[in-house]
1. Once you charge only the Cβ atoms, +1 for Lys and Arg and -1 for Asp and Glu, what is the size of the charge dipole of the protein assembly as shown about its Cα centre, to the nearest 20 debye?
2. Considering every residue in A:98-107, what mean count of other chain Cβ atoms within 10 Å of its Cβ is obtained?
3. For region A:48-111, with equal point scatterers placed on the C-alpha atoms only and solvent neglected, what are the log10 I(q)/I(0) values from the Debye formula at q = 0.20, 0.23, 0.26, 0.28 1/Å, to two decimals?
4. So, R0 is 30 Å and r is the distance between the beta-carbons of A:T219 and B:A113; what FRET efficiency does that work out to, to 0.05?
5. Within 10 Å of each Cβ in peptide A:63-75, how many partner chain Cβ atoms are there on average? Round it to a whole number, please.
6. Only four residue types carry charge here, +1 at the Cβ of Lys and Arg and -1 at the Cβ of Asp and Glu. Report the dipole size of region A:89-155 about the Cα centre in Debye, rounded to the nearest 20.
7. Using mean Cβ contacts within 10 Å as the protection proxy, how do A:118-130, B:127-139, A:76-88, B:289-301 order, highest first?
8. Sort A:220-230, B:243-253 by packing, meaning the average of other beta carbons within 10 Å per residue, with the highest value first.
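Coordinate-derived values only; no laboratory data. The shown structure was predicted, so the numbers you read here are calculated from the model rather than taken from an experiment. All Cβ positions, glycine included, derive from the backbone under ideal geometry; neighbour counts span all protein chains shown.
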Amino acid sequence: MTLLSTRGLSRNFGGLKAVDNVDFDLPAGEVRALIGPNGAGKTTFVGMLSGRIPASAGTVSFDGRDVTMMPAHRRIRAGMAYTFQITSVFSRLPVAENVALALRWRTGDDLAATDRQVAEALDRVGIADRADQLAGDLSYGHQRLLEIAMGLSQQPRLLILDEPTQGLADSEIVDFVALIRGLAGDMTILLIEHNINVVMQTADAITVLNFGSVLASGTPSEIRNNAAVQAAYLGTG
Amino acid sequence: MSMFLGSNLRKSWTLHIGVIILLFALQFILPAYHHGNLARIMVLACYAMGYNILFGYTGLLSLGHALFFAAGMYGMSLTVQHLGWSAGPALLAGLAAGFAVALAIGLLALRTAGVAFMIVTLMFAQAGYLAALYFGEYTRGDEGFVIQQSFRQLAGVNLADPTNRYFAALALFAICVVVSLRVVQAGFGRVLVAIRENEERTRMLGYDIHRHKLAAVVLSGTMSAAAGAAYGLLFGYAGATFASVQYSIFPLLWVLLGGAGTILGPFVGTLFMFYLIDLSSELTTAYMLIAGFALVMLTLFAPQGLVGELRRRALRWLP
C-alpha cells in the first residue's frame with residue numbers, strides 16, 4: 001500500500017525551480033532516505049509534503065486522499081509528523097511540556113494519558129531523566145533527541161525527519177541509528193540525511209534528488225553503484 | 001514530571017484565592033481614600049488581565065485595546081443613557097459590543113503580524129476614538145456624560161455606594177482571575193504560550209494558529225470590554241478619553257511592570273503604577289519625572305516585571 005505519493009510536484013522561487021516535477025511514492029512501513037547535494041531541493045520537497053510550503057504545481061496525496069490544498073496543521077492531525085532541520089524546540093518551556101504539546105490534541109483533558117505518553121516518548125529517546133529541565137538548557141544533542149521525541153509522541157503514520165543527525169557526536173549517531181531501526185515497522189519514515197553511513201544502516205530504499213529532480217531511486221546497493229549518483233556527488237570532472 | 005502533578009495546581013489556586021480573600025478583608029480596614037482607589041485599581045486590573053491574555057500569553061502586542069475598553073463602556077452607557085436600559089442588560093450590551101468589535105478586529109488585524117499588527121490595532125483604535133468624537137451628539141465626545149445614580153442599580157444593589165462598589169469591583173476581579181487561571185491551565189492556554197514561544201513549531205504540531213489567535217483576541221477584547229463597562233457603571237461616567245491612545249498604552253505598561261504572562265502581574269502592575277503616580281504627585285508637580293524614573297529602573301533591573309521576577313527567582317510554579 002502506498003502511504004504517500006506525489007505527482008508532478010514543483011516549486012519555483014522566482015525563476016529558480018527548487019523542486020521540478022517530482023513523482024514520488026512511499027509504501028507504508030518503509031524507511032526511505034532522501035539524499036542529494038546541498039541545494040538539491042530536499043527541504044523544499046518535504047516542506048510541500050508537510051504543508052509548510054505551498055506547491056507551485058502538482059499534487060500530494062496521503063493515505064489515499066489528495067492533501068495538496070490541506071493546511072499544515074490538518075496534515076499533522078491526519079498522521080504526519082515533521083521534525084525540523086534547525087532545532088526548533090520551545091526552549092523556555094520544560095522538556096515534558098514540549099512533548100505534551102505535541103500530543104495533547106490527541107489526549108485532550110486526559111492528564112494521566114498525557115503524562116504517560118510524554119514519559120514513554122522521552123524514555124524511548126533516552127532523556128526521561130530531563131523531563132523537568134527547560135528545553136533550552138539541554139545540550140544540542142539532547143535537543144535533537146527531544147525533537148524526535150516530539151515527533152514520535154504524535155504516533156504518526158509518517159515521520160519526516162529533516163537531517164536529524166546534523167551536529168550529533170558519533171556516539172549519539174550510533175544511538176540514533178538504533179532508535180530508527182527500532183521504530184521501523186511501527187511507522188513509515190522519510191529521512192533526509194547527509195551522513196551516508198546512517199543512510200546505509202537505516203534505509204530500506206533511497207531517493208536521490210539533484211537540481212530539484214529525482215536522479216535515482218532504489219535500494220542502498222543500487223544507489224551506491226549508480227553512475228549518475230556518483231557523478232552528482234563527486235562531479236563529472 | 002512535577003509540571004503535571006496536582007501540587008502546583010493546588011498551590012496556585014490557594015495563592016490566588018488567598019489574594020481575593022485578602023482584598024475582601026481590606027475593604028473593612030482601608031481608609032475611605034484608599035478604599036476608593038482599590039476599587040478603581042481592581043477594575044483597571046481586569047482590563048490589564050484581558051490585555052495580558054493577548055500580550056503576555058499569546059505574544060501579540062496590541063496598541064489598540066482602548067477600543068475594546070471603550071466598546072464595553074459605550075455599549076453599557078449608551079444603552080442606559082439613550083435607551084433607558086437598566087444596569088444588568090446594559091452590562092451585557094457592553095460585553096456583546098466588546099465581543100463583536102474584538103471578533104471583527106481580530107479577523108482583520110490577524111492578517112498581519114509583528115509591527116504591522118501593532119500599527120493596524122493602533123489605527124483601528126484611533127478610528128474608534130474619532131468615531132466617539134464624531135458622534136458627539138450621543139457620546140458628548142471628550143466631555144463625556146455622567147450616568148445618573150438612579151441607573152446604577154444592579155439586582156437592587158446601589159452600585160454608587162462605596163462599599164457595594166468595592167464588592168462589585170472585587171467580584172469582577174475574582175471572575176477575571178478565575179477565567180484567566182482556567183484558560184492558562186487548560187490545553188488552550190498552553191497552545192497560546194506555545195504560539196508565543198514558537199509559532200511555526202506549534203503549527204507543525206497540528207494546531208490551527210489562526211483560530212487560536214482569534215480566540216485569544218476575542219477573549220482578551222471581551223474581558224477588556226467587561227472592565228470598561230464596569231468602570232462606567234461603578235464610577236458613573238463615560239467619555240471619549242477612555243478610547244484615546246493613552247488608554248491603549250496603560251494596560252501595556254501595567255502588564256510590563258507587573259509581569260507579562262503571569263496571572264497576578266496585571267493587578268500588581270496596576271496597583272504599583274497607580275500609587276507611584278499618586279504618591280509622587282504629592283511630592284512634586286513633576287511627578288511624571290519620578291514615575292518615569294521608577295519605570296526605567298524597573299525595566300532595567302526587573303525586565304520580567306515584579307511578579308515575573310518573583311517567578312524567576314523563587315516561585316517557578318507561578319502561573
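1. Using Cβ point charges on Lys, Arg, Asp and Glu, the protein assembly as shown gives about 680 debye.
2. Per residue, the number of nearby Cβ atoms from other chains is 5 on average.
3. -0.89, -1.03, -1.14, -1.21
4. 0.10
5. 2
6. It comes to approximately 200 debye.
7. A:76-88, A:118-130, B:127-139, B:289-301
8. Result, highest mean first: B:243-253, A:220-230.
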